[in-house]
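Inspection log for the structure reproduced underneath, given as structure tokens.
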Amino acid sequence: MFPLDLQLSLIPGTVRSALFLWGMLLVRGAVVTVIATLLCNTRWARRRAVVQGAISSSQLRKELVAALGVVAVDAVVIALVLHAQLLETISASPTLDGALWVTASFALMFVWFEIWFYATHRLFHTRALFWMHRTHHVARVTQPLSALSFSILERLVLLAGTVGAAVLVNRFVPVSLRGLEIYLWLNYILNVAAHSNVELTPRAFGRSLLGAVFIGTSFHSLHHVRLIGHYGLFVRVIDRALGTEFSDYETVREQAARGESGLSAAVVERPGGVE
Ligand SMILES: [Zn+2]
Ligand SMILES: [Zn+2]
């Protein structure tokens, strides 16, 4: 037996799972962040930058520290959920891994989390709760690493909306573990895209049905610059319905897609970051 195996066998199961998950999530975060950052620095991407401005070394350091905490929290929470067998019924039945169940679970998770995110994000921007969300707004100009930069408390609220909700729903209707896994992966990748500060949608996106429902990168970039408004995650429909969408969003998005964005990181619509 190798010394490491011996050590691991002496560690309780949950701790071992958390350490293993922590390592896996750390590697995933590092690989995705490095690749995305390299892609964001290509000439094509730099031309489509939404917010003009540099990322300071202090921002980089703060986001790196926050990301390490977030990855550790994710690992501990997922290990505890798996160890308590809270999601066990999900993969127990082969019929529940059929394409229909996977798709239904994914779709349910997508729609539910858009609502959960909007509501909690808007609450985080109130005077009473902004302290919990301040870590994420270290970034005025965002970068792929910003997708992992949250306070521990905010991350727990986000996990409550994904893993917590799946565990709760699973008590009444079995949820597909694969559907949840696919959602969590997509959530992370789309979050990296939303924080890339590179307008990834084509010029005509705003005139399409997809553009009427889903956001372009500029949507979330504007949230980081102005702080008030654009509380939605990947869809703009809730912000539009509740009057929190900026009237110039489409103009900013199109300008960035043309490589002509003039948005400065110094422009703040209302100071303070709270409603
Ligand atoms: Zn953000
Ligand atoms: Zn915010």
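The values are calculated or read from the model by the stated rules, or taken from the named source; none is laboratory data. Not measured: the values here are computed from a predicted model. No Cβ is skipped: glycine too gets one built from the backbone with ideal geometry, and neighbour counts run over all protein chains shown.
Laid out as a table, the results:
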read-out	value
Any hit, the stretch 123-142, residues being part of a helix (DSSP H, G or I) and away from ligand 1 (no atom under 16 Å from the Cβ)	yes
First in the stretch 226-252 and touching a residue at least 40 places away in the same chain (Cβ under 8 Å) and farther than 17 Å from W112 by Cα, second anywhere and surrounded by 15 or more Cβ atoms within 10 Å (Cβ to Cβ) and hydroxyl-bearing (S, T, Y), Cβ under 6 Å, 6 or more apart	G229/T244; T244/Y231; V252/S218
Test: L158 is within 16 Å of ligand 1 (Cβ to nearest atom), part of a helix (DSSP H, G or I) and without any contact (Cβ under 8 Å) to a residue 12 or more places away in the chain	no
Residue list for the stretch 202-238, restricted to those being part of a helix (DSSP H, G or I), within 15 Å of ligand 1 (Cβ to nearest atom) and over 23 Å from P144 (Cβ atoms)	none
Filter pass, L153 being within 16 Å of ligand 2 (Cβ to nearest atom) and either surrounded by fewer than 18 Cβ atoms within 10 Å (Cβ to Cβ) or under 16 Å from A104 (Cα atoms) (or both)	yes
Check on L186, farther than 23 Å from R61 by Cβ, modelled with pLDDT of 95 or more and away from ligand 2 (no atom under 16 Å from the Cβ)	yes
Hey, L145 modelled with pLDDT of 95 or more and touching an Asp or Glu at 6+ places or on another chain (Cβ under 7 Å) or not	yes
